[in-house]
C-alpha cells in the first residue's frame, strides 16, 4: 500500500480545515468595531464588508455549507476508491500467478469487469469514459492466457462507489474479500476515538448505525444538496469540524486496515512461517531465538508478526547473532539456531514469519 496517498488525503483534509479558518477570520472581521483611529482605507473596506455581509450573509452561509459538505464527501469517495484500487494493484504485484489469487476476488473480477464493459458501452458514467472495452477485455484475457503477467481491472471493483454510506463501503470491501465491518473494530486508534466521542467505555455497547452515523449523515446531507433540496439545517463551523475529525479517523482506519491486510497476504505468499517447534525462546520482549535453514538473512530484512488477535505487523530485523557473534548478513544452509532482535515488542503467543528465499 502506498502511504503517499494517505499523505495526500491528510493534506486535502487540512485544506478544508484551512478553509474553515478563513471563513471564521472573515466572520470575525465583520464583527470588528471600527475605531476613529483606523485609517480611512481600513474603515472603508470594513464598512463595505459589513454591508455586503448584511445583504449576502444567509446566502454566504448556505454556499459555504454546501461547499464544505460536497468537499468532505468527495474526499470519502475519492480515497475509498483510490485505496481499493491500490490494494488490488499491490496484490497483483505480490501474487505472481493469477490462479493463486483468492477465488472470491477472481470471481468478482470477472463479473464486475463485464459490468464495467456494459457501463463503458452505454456511457452511463462519465468517469469511466477514459477506459475502452478493449482494454478491459485485454486484461481479462491476460488473466487466462498469460496468468503470470496479469493486472486487475481495478475500476470494476468501484463501480458501485456512489452514495457511500458505511454499509455500502463495507460491501465494496467484501468484493475484495475483506471484512471491513469486523476489522475496523480492531483498529485501536479509531476505537479509542469512537469511545471518547461517544463517551462509552466499550463500543460493543453501541449499535453499528451509531458508530458510523457521522459518515451516514454526511452522505445524506450531500444527497440533499446534490438533489437541490431546500437547505433547512445549516451546520456551523464547529459542527462541521466534528465531521472532519470523524472522516479523518475513519479514512485513516480504512487505509490501515488495507495495509494490514496486505501484510497478511505477504505472510502467505512471500514469507515463511516459523513453526512453534522451531522457536527456542523470546528474550526481553525484543529478541527471537529460532532454528532456520536454507536461507540468507540480513539486518534490515522484515519480520512479520501475527498477534493472538490476528493482527499483522512488519518490523525490521535490527541485529543477528549466531553463537553470540553478531552478523550483518548470514547465509545458512543447514539447520542452525540464531537470534534476531527487533524494535517491536514480541510475545510468546505470537506467530512469526520471515522472508522466503
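Tell me which residues, restricted to the range 322-341, are more than 14 Å from residue 281 (Cα to Cα) and part of a strand (DSSP E or B). Please lay out each step first, then the result.
Kept after step one, since they are more than 14 Å from residue 281 (Cα to Cα), are these residues of the range 322-341: 322-336.
If the condition is that a residue be more than 14 Å from residue 281 (Cα to Cα) and part of a strand (DSSP E or B), then 322, 325, 326, 327, 329, 330, 331, 332, 336 are the ones that fit.
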Looking at (1) free of Cβ contacts under 8 Å to residues at least 24 places away in the same chain; (2) outside any loop (DSSP other than H, G, I, E, B), which is the one condition that is false for residue 300?
(2)
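Here's the yes/no breakdown for (1) surrounded by 14 or more Cβ atoms within 10 Å (Cβ to Cβ); (2) at positive phi; (3) touching a residue at least 24 places away in the same chain (Cβ under 8 Å); (4) within 16 Å of the chain's Cα centre (by Cα):
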residue	(1), (2), (3), (4)
112	yes, no, yes, no
121	no, no, no, no
126	no, no, no, no
132	no, no, no, no
148	no, no, yes, no
169	yes, no, yes, yes
Count of residues meeting criterion [within 15 Å of residue 167 (Cα to Cα) and surrounded by fewer than 16 Cβ atoms within 10 Å (Cβ to Cβ)] in the range 65-81:
0
Of all residues being buried (at least 19 other Cβ atoms within 10 Å of the Cβ) and under 28 Å from residue 240 (Cβ atoms) in the range 82-93, which is farthest from the chain's Cα centre (by Cα)? Just the residue, please.
84
Tally time: how many residues in the range 94-108 are surrounded by fewer than 21 Cβ atoms within 10 Å (Cβ to Cβ), at pLDDT 95 or above and within 24 Å of residue 3 (Cα to Cα)?
3
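In this structure, does residue 304 turn out to be touching a helix residue (DSSP H, G or I) at 6+ places or on another chain (Cβ under 8 Å) and modelled with pLDDT under 95?
Numbers: touching a helix residue (DSSP H, G or I) at 6+ places or on another chain (Cβ under 8 Å): yes; modelled with pLDDT under 95: no.
When the stated conditions are applied, residue 304 does not pass them.
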Run residue 195 past the list (1) over 23 Å from the mean Cα position of the chain (by Cα); (2) more than 21 Å from residue 164 (Cα to Cα); (3) assigned to a helix (DSSP H, G or I) and report the number of the one that doesn't hold.
(1)
Subset of the range 267-297, residues without any contact (Cβ under 8 Å) to a residue 12 or more places away in the chain and in a strand (DSSP E or B), comes to 281
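Quick check on the range 113-125. Is at least one of its residues under 27 Å from residue 208 (Cα atoms) and either assigned by TED's automatic domain parsing to the domain that holds residue 264 or at pLDDT 95 or above (or both)? If you could, list the steps in order and put the result at the bottom.
Within the range 113-125, the subset under 27 Å from residue 208 (Cα atoms) is none.
Taking every residue of the range 113-125 in turn, none turns out to be under 27 Å from residue 208 (Cα atoms) and either assigned by TED's automatic domain parsing to the domain that holds residue 264 or at pLDDT 95 or above (or both).
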In the range 283-299, what residues are in contact with a helix residue (DSSP H, G or I) (Cβ under 7 Å, 6 or more places away or on another chain) and surrounded by 16 or more Cβ atoms within 10 Å (Cβ to Cβ)?
290
Residue 235, sole failed condition from (1) at pLDDT 90 or above; (2) surrounded by 15 or more Cβ atoms within 10 Å (Cβ to Cβ); (3) assigned to a helix (DSSP H, G or I)
(3)
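The values are calculated or read from the model by the stated rules, or taken from the named source; none is laboratory data. Since the structure is predicted, the reported quantities are computational estimates derived from the model, not experimental observations. Neighbour counts are summed over all protein chains in view; Cβ atoms, including those assigned to glycine, are modelled from backbone coordinates with ideal geometry.
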